[in-house]
1. Nearest 10 degrees is fine. How inclined is helix 108-123 to the longest principal axis of the chain, computing both from alpha carbons?
2. Just from the alpha-carbon atoms, what are the Rg and Dmax of the range 1-150 in angstroms?
3. Nearest 0.05, what FRET efficiency do residue 210 and residue 70 give at R0 = 35 Å with Cβ-Cβ as r?
4. Could you let me know the centre-to-centre spacing of the range 168-209 and the range 3-45, using Cα atoms, in angstrom?
5. How are the alpha carbon pair distances in the range 94-162 distributed across 10 Å bins from zero to the largest one, expressed in percent?
6. Rg (Å, one decimal) plus Dmax (Å, integer) for the alpha carbons of the range 180-239?
7. In Å, the Kirkwood hydrodynamic radius of the range 133-239 over pairs of distinct alpha carbons?
8. Once the convex hull of the C-alpha atoms of the range 1-59 is built, how many Å³ does it hold per residue, rounded to a whole number?
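Computed from the coordinates by the stated procedures, all read-outs in this text should not be read as laboratory data. Since the structure is predicted, the reported quantities are computational estimates derived from the model, not experimental observations. Methodologically, a virtual Cβ is constructed for each residue, glycine included, from the backbone with ideal geometry; neighbour enumeration extends over all protein chains shown.
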Ligand SMILES: NC(=O)c1ccc[n+]([C@@H]2O[C@H](COP(=O)([O-])OP(=O)(O)OC[C@H]3O[C@@H](n4cnc5c(N)ncnc54)[C@H](O)[C@@H]3O)[C@@H](O)[C@H]2O)c1
């Protein structure tokens, strides 16, 4: 028997990158996987590869999140992974860039947590929620006052929700990845990439599968006595 046999997992922003790697790993462990992504076509293509379902969903819109969670009758696992960056220094960041990043990460995660938790409580089936934060939320990064604020906010949200939901058998944990090789980070200028590499004790960037295996741990019964935690997947950077 695999770790997620018989479970249904919803992954937001799962059409590519870290979210897709998580969806792939969950499917390989026997889960039925539903992918929700702003890009509905990409979500459908990605889910098709896994024998799951993919639909268009903007996590900032509560009714979209309701629709995503209604695709299956029972949600056992939710991964709030959808994300964007709109980097700029304080001097140049627009109000719109700030609002967009806060909306996708913070409100998007809040929408996912509250909607999935309501369904899990109603079914009295318990569940596991995994929120994707970032090392940027722990230490703060230049050019990311919006993103660092949102990712730190996700940690507070995770802990508050973990306390509210523990006695319902719903566990809520977070992952803080460091530098992971994806479309989001490959867009970075070479100088910025090299600077980050110099800060990583393990001397390399992380791979998406290395985040996916930690998500699997938090989503499965392997972590049955863990809630409200933040696991860093960073190669030792800023430990
Ligand atoms: N790549 C890294 O180094 C790194 C490090 C720390 C944290 N993270 C976090 O991991 C998560 C995934 O990042 P990635 O690198 O795979 O990024 P990515 O850009 O490759 O994928 C993000 C996905 O989210 C989707 N998305 C964007 N806005 C959305 C919305 N409003 N509703 C639904 N879906 C939406 C995109 O369409 C895309 O498919 C993000 O939360 C990101 O902040 C990434």
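1. 20
2. For the range 1-150, the Cα-based Rg and Dmax read 15.7, 54 Å.
3. Working: r = 32 Å, r/R0 = 0.92.
FRET efficiency, residue 210 to residue 70: 0.60.
4. Distance between centres, Cα-based: 20 Å.
5. That works out to 21, 46, 24, 9, 1, in percent per bin.
6. According to the Cα coordinates of the range 180-239, Rg and Dmax are 13.8, 42 Å.
7. On the way: mean 1/r = 0.0678 Å⁻¹.
In the range 133-239 this quantity evaluates to 14.7 Å.
8. Details: hull volume 3.5 nm³, N = 59.
Cα-based convex hull of the range 1-59, divided per residue, equals 60 Å³.
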